[in-house]
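The values are calculated or read from the model by the stated rules, or taken from the named source; none is laboratory data. As the structure is a prediction and not an experimental result, all values here were calculated from the model. Note that each Cβ is placed from the backbone with ideal geometry, even for glycine, and that neighbours are counted across all protein chains shown. For accessibility, only protein heavy atoms count, side chains too; no ligands or nucleic acids. Shrake-Rupley method; radii C 1.70, N 1.55, O 1.52, S 1.80 Å.
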Amino acid sequence: MKIHKLKINAYGKLKDKEIQFKDHINVVYGKNEAGKSTILTFIVNMLYGISKNKNGKNYSDFEKYKPWDAEEFSGKLEYELNNHEIFEVFRDFKKKNPQIFNEKKEDISKQFNIDKSKGNEFFYEQTKMDEKLFLSTIVVNQEQVKLEKSEQNILIQKIANLVGTGEDNVSFKRAIDRINRRQLEEIGTERSREKPLNKLLRENQNLEEEKIKLEKYKNTKYEIEENKKNQLEKSSNLEIELEYLNQIKNIYEKEKIENEKIKIKEKIENENEQKINLNKKEILDIENGNKKIFEKNNEKINKLIKNKNKLKNKLIIIFIILILINILQFIFIKNIIFKYIFLLTLPMDLIFSILLLKNKKNKIKILEKENKNEEEKINNEKNNYLNENKILEKNNDELKNEINKLKNNLNEKINQEIEKIKNNYLNKIKNTEIIKINNLNEINQEIEKKQKELNMINIKLHELDFDKENVEIKVDNLMEIEEKIVNNNEKIVNLKDLEKSMNLAKTLLEKAYEKMKNTVTPKFTENLSKNINKITNGKYTNVMVQADNGLVVELENGNYVEADRLSVGTIDQLYLSLRLSMTENLSKEKMPIILDEAFAYYDTQRLENILIYLANTYPNRQIILFTCTEREKYIFDKFNIPYHFIDLQEI
């Protein structure tokens, strides 16, 4: 794989820059702060995306390289794979995913996996190198030929994985440790009481004991249900009997009400009869009393008539006497005045007599009128009583007919209704003795008795429901326990199967590990030893990689020491050799070697050795070397090594 060119639209302080790389060696020259590290970061971010996480730094790459004075924050990178396929990546760093184009400029972005956190993983799918491995091997940052501890761990682990298993991301020791740890955590051993398998076995033992205690409640539940069924049947029969008795009772009460109505009518009839007799007595009393009054009034009238006649006779006699006197006085008395005055006594006497007689006559008329009025009053009163008696007698006749009719119809109707009810309940009621009860008092007593029985049954049913509820809780617990036992047995079987699978996996891993150790390890240590031999001019010839101790070097006297115990310069060379050795094995692609001020602290001799080694060892590998000095240019020129020189000041 090699990078053809970069187009930086805006990234950090770089803007509108185009850089073209060639095959083999590319020297990118620029003074400090010229943007060399920015270009290197741009390449990484173009391939893997830019992070918005700080990851322990003061600023994230997104914050650090986002231009302040431009809306544009993008670029393009063109690269070629070993199979000569050319791709272009355009990335707007404000967006998560880039656009990938093939040689025909067709957008093929959707052909690659899209990770939710990492975005489009096109470069990993093409090279099988993730960002951490990319930065830990082929990219050597400024003053970081020696790896940081975290990077060293990643690289050492991948080397150990490669040596042990043939895959850089598969560690035999870690795989075995993980299987053992998982086996211990998920299954356990005979001595691990709190681990899953033993916990399940112990739990099943406890559940079985609890199950034995609860199984008796199954029969109890059936007994309660049977008892409840019987009680409900009794309750149903009692309710039917009560229903029957209440209907009969209603009929008798209805009869009682109708009889009460008849009695009321009979009472009214008796009262009417009494009233008639009383009225007749009143009429007799009126007739007897009025007879005396009339006799008394007639005596008064007769007496007044007699007095009137006597007075009339007297007045006639007096008037005759006066006439005789006047005749005599006209004869004998000569005084005319006296004659005429005396003559006036006649009309006066006549008037007085008339008035007096009239007064007597008026009194007689008044008495007669009073007698007549009294007679009319008495007759009216008598007629009222007679009329009232007629009405009462008529009403009584109607009442008698109605009462007789009611009595006749009531008995017949009551008997029919009772017979109808009996027929309706004849097949419903088991206790036929109840059908024979035809007395209201007996019915009331029987209703009271049945109601008490029904109340007792309801209380019993309530108790049974309560008992059933408690038993059902026990039965539900039993079912849960049985279900748990089944589930636990399934888990136990699965755990035992898993244990067999893990034991088989460990056996297969051990066989594969032994096989890989005998094939990959010798090749890798041989290659690494050749590299360090060339870089150090034969000072160190034998280097090994151990999973526990990392790099181990054989000294000239034959002793083996860990790499960290050597001089800083030697360590730099060892780790650079380690990185370069890894590039041959970590990807199917011949990845470019990118060095950013990697040799700042090398003396001239060491710098010549490493540059000549790079040029001769990797003739078919693209090498991009960022530097702020012209030492590399001078050495390449000195030994006539071809290279492509890029001066950032001229771009």
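For region 589-616 versus region 61-132, the inter-centroid distance based on Cα atoms is 28 Å.
Let a ≥ b ≥ c be the square roots of the eigenvalues of the Cα gyration tensor of region 381-507; is it rounded (a/c under 1.5), or, if not, prolate (a/b larger than b/c) or oblate?
Verdict is prolate for region 381-507.
Shape analysis of region 385-431 yields a ratio of the Cα radius of gyration to the Kirkwood radius, Rg/Rh, of 1.47. Among residues other than E412 with Cβ under 14 Å from its Cβ, the summed charge is +1 (Lys and Arg +1, Asp and Glu -1). For a straight C-alpha distance cut-off of 17 angstrom, the lysines reachable from K195 (same-chain residues fewer than eight places away being disregarded) are K491, K496, K500. Report note on the peptides 262-272, 25-35: ranked by the mean count of other C-beta atoms within 10 Å, highest first, their order is 25-35, 262-272. Suppose each label sits 7 Å from its Cα in the direction of the beta carbon; what would the N411-I320 distance come out to in nanometres? According to this spin-label approximation, the distance is 9.1 nm.
At a Förster distance of 25 Å, what's the computed FRET efficiency of Y59 paired with Q99, Cβ-Cβ distance as r, to 0.05?
0.40
Share of carbon and sulfur in the accessible area of region 605-646 stands at 50%, probe radius 1.4 Å.
Amide H contacts under 5 Å for S51: D61, F62, restricted to partners 5 or more places along the chain or on a different chain, H placed in the peptide plane at 1.01 Å from N. For K96, neighbours were defined as the other residues whose beta-carbon sits under 13 Å from its Cβ, and their charges (Lys and Arg +1, Asp and Glu -1) total +3. Taking a ≥ b ≥ c as the square roots of the eigenvalues of the Cα gyration tensor, an a/c ratio of 1.5 or more together with a/b no larger than b/c marks region 1-118 as oblate. Multiplying each eigenvalue of the alpha-carbon gyration tensor of region 1-54 by 5 and taking the square root yields semi-axes of 19, 15, 11 Å, largest first, rounded to whole angstroms.
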